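Trainee: Below is a structure I'd like to ask you about.
No lab work stands behind these numbers, since they all come straight from the coordinates. If you're wondering where the values come from, they're calculated on a predicted model, not measured in any experiment. With ideal geometry, Cβ positions are generated from the backbone for all residues, glycine too; neighbour counts draw on all protein chains shown.
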Amino acid sequence: MATPTIHQPSTTTATPYAGDREVVIRTENLWKIYQMGSEQVAALRGVNLQIYRNEYVAIMGPSGSGKSTLMNLIGCLDSPTRGEYWLSGHLVSALDDDELARIRNQEIGFVFQTFNLLPRTSALHNVELPLIYSGAPPAERTERAMAALQQVDLGSRVHHKPNELSGGQRQRVAIARALVNRPSIILADEPTGNLDSTTSNEIMALLEVLWERGNTIVLVTHEHDIAEHAHRVIHIRDGQVAGDTRTRRGDAVANRPPAPSA
Amino acid sequence: MGIREAIAVALGTLRAHKLRSFLTLLGVIISVCTLVAVVAMVQGVNTYVGSKIARLGSNIFSVSQFSLNEMTNPVRFMRAKETNPIIRYQDYQFLRANARLPRAIGAQTQRTGTVKHNGRSLDEVNISGVTPNVLGMSAFQVANGRFLAPTDEQRRAYVAFVGPDIVTHLFGGANPLGRHILVSGQQYEIIGVATAQGDVFGQSQDNFVMIPLRTYQKIYGNQDSITLDVQARDARLLPATMDEMEMLMRVRRHLSWNEKNNFGIIGSDALMTLWHTLTGAIASVMVGVSFVFLVVGGIVIMNIMLAAVTERTQEVGTRKAVGARRSDILWQFLVESAVLSTVGGLIGVLLAYLFTLAAGALTPIPFSLPLGAVVLAVVISTLVGLFFGVYPASKAARLTPIAALHSET
């Protein structure tokens, strides 16, 4: 189901970047089987992936393809039935609940389709939330949350509550929250699904800026034109990797000198 | 997550749902209010009664037909009615003749009756026959005229010393001295009026007619037991004086060493003890009732916390996604439940305080908020919140992040 908007590179299995870069995400033969009544449904059937530091990857697939399940596993929200998952050198597929919570806190920054901000709570406090759970002292918390909000151009609205912000602004707050603990990856699940196209473009531009600043971004989407913003697209179909391609932007980036962090 | 963040979150939720929180807390509010108000009331009433009993005159006790122990138990009372003879005028004379320690011994007996004057009548008046020396042992003073004199006693005169209620109701407030009242078909001349003492628990203390004891016995016979009021010379001599009275009464009754007293010696401390027993019983019933309220209140809190967990499943998911551990979520909801309940406790204390203010203004009873009860009530309400928050909080803590994130709210 290749679409004309995505440029097909020569190979579908090789990684688009040079092999000497640091691997952030590595999965080996990842399976997830759900028990539906008496029936077993395999949502993932042996997924092998490698994502490198400062990559901008989109995971694409139709609904029911297993991409949400994959995202949950990558985000450490769930544990695989079989297989291994390494995140920044941690074998997270073997961790217990509290250790997974710590990984989610330190290594992953979530951006959700529905923003998932706490209502009745200021933007600043929403951004401070991961720092509260990592036990940062209050003064440092505020300072870092302010800095994160400034990164997403919301420095002037830190005391606004979610219902006083537009959809785009809410998503910026959510992105600031994802950034604030300097995670290994930013995991954005349909980040523009609830936004109009203008605002969507702003958010995608912001993600691009974050990538420029050295962040690793994993984008989960079913929209081609959103996936096109990424540099590499991993297609998921029937619980397996059905394609791993470089986008036009990815080609452009690959022909540039390496990113500063490399 | 620290305690301060948890409390801030809890107070925020409380503010966001003011009406719901208030309704939820009604049980806790009522129970804490009852608890504190009852303790305040019992303390106030005890102080009040204590002061009233103290006003009877210090170092005074009475010798009566029955002991307090016998008067407060129906079985013992029925038995004592068989064994205890009435106290007669001759007993009074015997004690006066033989006792050496008391400063004074007075005697009185009483019944209720109707008092009439000029076509007007007053029912339920306390008619007492007294010896002239009870004046110094009673709470009232002479406001007008004079008290009964020894000569009235000797002559068995038809004279009466009356409470202010008689003057108000039968004489319309006019000076009654020298005028007559009719009690049980007999005319008495009013020779004196007492100072007003007001009400005790709505019972007027000024609704009485006092006539000489001998006159009383002439009219009503001598089958009513009389009560002897004995005043010791000072507090140190009070126990010895009580012993002397007991000894003399036993001698007069010819009781051998192994027989029990067939009369009662009642001191003000015994009265206070009896009173404390009564109020203690009332207080413990009320405290029990308020604990039932508290349990009901706790269950309501548990219910609302369960609803809050369901309602905020997505919040739990978000918190877990950004790194909250199970214990963080458990702690958050526990603190919320405890804060909710504590706020209810504080509102209850506030209401109890308002109640004591109002009751203090409307009654002569000195109410005060007992600090110990306030602290206890608030601590208990916190504990109730913690206890009944455990189940909802652990339910929230056990939510898996995916289920929580994908819940539709």
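Trainee: If you count the DSSP beta bridges with both ends in the stretch A:23-254, what percent of them are antiparallel, to the nearest 5?
Mentor: Roughly 55 percent of the DSSP beta bridges within the stretch A:23-254 come out antiparallel.
Trainee: Could you tell me the distance between the Cα centroids of the stretch B:172-242 and the stretch B:361-409, to the nearest Å?
Mentor: Rounded to whole Å, the Cα centres lie 57 Å apart.
Trainee: While we're looking at this one, here's another question. Subtracting the Cα-Cα distance from 0.36 nm times the residue separation, let me have the gained length for B:Met78 to B:Trp257 in nm, one decimal.
Mentor: Gain in length upon complete extension: 62.1 nm.
Trainee: Further question on the same structure: Among B:Ser225, B:Phe140, B:Ala160, whose Cα projects farthest towards the positive end of the dipole of the stretch B:103-230, with charges put on the beta-carbon of Lys, Arg (+1) and Asp, Glu (-1)?
Mentor: Result: B:Ala160, furthest along the dipole toward the positive end.
Trainee: Moving to a separate point now. Determine the calculated [θ] at 222 nm for chain A from helices alone, applying -39500 (n - 2.57) to every DSSP H run no shorter than 4 residues and normalising by the residue count; nearest 500 deg cm²/dmol.
Mentor: Result for chain A, helices only: -9500 deg cm²/dmol.
Trainee: Starting from the Cα of B:Leu101, move 7 Å in the Cα-to-Cβ direction to define the label point; list residues of the stretch B:234-273 whose amide nitrogen is under 12 Å from there.
Mentor: Flagged as within label range: B:234-249.
Trainee: While we're on this one: If each DSSP helix of 4+ residues adds -39,500 (n - 2.57) and the sum is divided by the residues in chain B, what number results at 222 nm, nearest 500 deg cm²/dmol?
Mentor: -19500 deg cm²/dmol
Trainee: Averaged over peptide A:128-134, how many Cβ atoms belonging to another chain are found within 10 Å of each residue's Cβ?
Mentor: 5
Trainee: Which of rounded, prolate or oblate describes the stretch A:98-150 when judged by the alpha-carbon gyration tensor and an a/c cut-off of 1.5?
Mentor: Oblate, since a/c reaches 1.5 and b/c is not below a/b.
Trainee: When only DSSP loop residues count, what chymotrypsin sites (Phe, Trp or Tyr not before Pro) in the stretch B:141-217 have their Cβ near at most 13 other Cβ atoms within 10 Å?
Mentor: Loop-located and lightly packed - B:Phe201.
Trainee: Which of the aspartates and glutamates could a cross-linker span from B:Lys260 if the Cα-Cα distance has to be under 15 Å and same-chain partners fewer than 8 positions apart are dropped?
Mentor: Within reach: B:Glu70, B:Glu82, B:Asp243, B:Glu246.
Trainee: When chain B is modelled as a GNM with alpha-carbon springs shorter than 10 Å, which of B:Pro239, B:Pro366, B:Pro212 fluctuates the most?
Mentor: Of the options given, B:Pro239 has the highest mean-square fluctuation.
Trainee: Sort out for me the Cα centre separation of the stretch A:97-134 from the stretch A:29-63, rounded to whole Å.
Mentor: 24 Å
Trainee: With unit charges on the beta carbons (Lys and Arg positive, Asp and Glu negative) and the dipole taken about the Cα centre of chain B, which residue among B:Phe388, B:Leu14, B:Ile181 sits farthest to the positive side?
Mentor: Towards the positive end, the residue furthest out is B:Phe388.
Trainee: A follow-up question, please. Please work out whether the protein assembly as shown counts as rounded, prolate or oblate from its C-alpha gyration tensor, where a ≥ b ≥ c are the square roots of the eigenvalues and a/c under 1.5 means rounded, while otherwise a/b larger than b/c means prolate and anything else oblate?
Mentor: prolate
Trainee: Could you identify which residue out of A:Pro183, A:Pro130, A:Pro138 has the top mean-square fluctuation in a GNM of chain A using Cα springs shorter than 10 Å?
Mentor: A:Pro138
Trainee: Quick one: putting +1 on the C-beta of Lys and Arg, -1 on the C-beta of Asp and Glu, what dipole do you get for chain B around its Cα centre, in Debye to the nearest 20?
Mentor: Its charge dipole is roughly 240 debye.
Trainee: I've got another one for you. Take the alpha carbon gyration tensor of chain B, find the square roots of its eigenvalues, order them as a ≥ b ≥ c, and report rounded if a/c is under 1.5; if not, report prolate when a/b exceeds b/c, else oblate.
Mentor: Prolate shape, in that a/c is at least 1.5 and a/b is the bigger ratio.
Trainee: With Kirkwood's inverse mean 1/r over C-alpha pairs for Rh, give me the Rg to Rh ratio of the stretch B:86-236, two decimals please.
Mentor: Rg/Rh for the stretch B:86-236 comes to 0.97.
Trainee: Same structure again: Using a 10 Å cut-off around each Cβ of peptide A:97-106, what is the average number of partner chain Cβ atoms that fall inside?
Mentor: Per residue, the average neighbour count from other chains is 5.
Trainee: Treating only the Cβ atoms of Lys and Arg (+1) and Asp and Glu (-1) as charged, compute the dipole magnitude of the protein assembly as shown about its Cα centre; round to the nearest 20 debye.
Mentor: Around 2100 debye, computed over the protein assembly as shown.
Trainee: With charges set only on the Cβ (+1 for Lys and Arg, -1 for Asp and Glu), what does the dipole of the stretch B:56-121 come to about its Cα centre, in debye to the nearest 20?
Mentor: 220 debye
Trainee: So in the protein assembly as shown, what percent of DSSP beta bridges are antiparallel if you round to the nearest 5?
Mentor: Of all bridge pairs located within the protein assembly as shown, approximately 70 percent are antiparallel.
Trainee: Also: Take every residue in peptide B:323-330, count the Cβ atoms of other chains within 10 Å of its Cβ, and give the average of those counts.
Mentor: Partner-chain Cβ atoms within 10 Å, mean over residues of B:323-330: 6.
Trainee: Using 0.36 nm per residue of separation minus the Cα-Cα distance, give me the extension gain between A:Glu140 and A:Asp196 in nm, one decimal.
Mentor: 16.6 nm
Trainee: Whole number please: convex hull volume per residue of the Cα set in the stretch A:23-254, in Å³?
Mentor: Cα convex hull per residue, to the nearest whole number: 127 Å³.
Trainee: What fraction of the DSSP beta bridges in the stretch B:103-230 is antiparallel, stated in percent and rounded to the nearest 5?
Mentor: Antiparallel: roughly 75 percent of the beta bridges in the stretch B:103-230.
Trainee: Still on this structure, I have one more. In chain B, which helices (entire DSSP H runs) extend 30 Å or more along their own long axis, judged by Cα positions, while averaging at least 0.0 on the Kyte-Doolittle scale?
Mentor: Qualifying helices: B:18-55, B:268-311, B:326-362, B:371-398.
Trainee: Towards the positive end of the charge dipole of the protein assembly as shown, with charges on Cβ (+1 Lys, Arg; -1 Asp, Glu), say which of B:Thr356, B:Asn73, B:Gly288 has the farthest Cα.
Mentor: Towards the positive end, the residue furthest out is B:Asn73.
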